[in-house]
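The values are calculated or read from the model by the stated rules, or taken from the named source; none is laboratory data. These numbers were taken from a predicted model, which means no experiment stands behind them. For neighbour counting, all protein chains shown are included, and Cβ atoms are generated from backbone atoms with ideal geometry for every residue, glycine included.
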Amino acid sequence: MPHQDGPAYFPVVAIISLASPVVLDFTPHGKLRELEHTYLQNTQSDELQESNGSYKVEGTKEAGPASSSLLLMPCSLLIFKDQAYTDFLHGIQDNELHNLDKRLQISHSAHNSSI
């Protein structure tokens, strides 16, 4: 179940996979959806007011953060903090089969640095 660890863990979370691989899911926090909804309402309101005049401004909006999954191999350690902690919920689904749509190759040199 997606969750955010309590304040005792802030600002850093560490996750260890022991005997088997595990897929960790990251989902945008609900507060981001609320901010996005407020932004859209304000943008649409501005567009309506401006469309009554001699010009109309089209609102542009970048896509919000997407849900992502990360495969942790056995005996792996994942440490995350900052925006990964505050802006995303994390969780592990109890599934026998996981579908990972995208793959990102992490170079060997990145293994010794924090992401």
Matching residues in segment 64-84 - criterion: being within 12 Å of the chain's Cα centre (by Cα), surrounded by 10 or more Cβ atoms within 10 Å (Cβ to Cβ) and of a type in the set (A, V, I, L, M): 70, 84
Test: residue in segment 33-43 that is modelled with pLDDT of 85 or more and outside any loop (DSSP other than H, G, I, E, B): no
Yes/no for residue 68 being of a type in the set (Gly, Ala, Ser), modelled with pLDDT of 60 or more and touching a strand residue (DSSP E or B) at 6+ places or on another chain (Cβ under 9 Å): yes
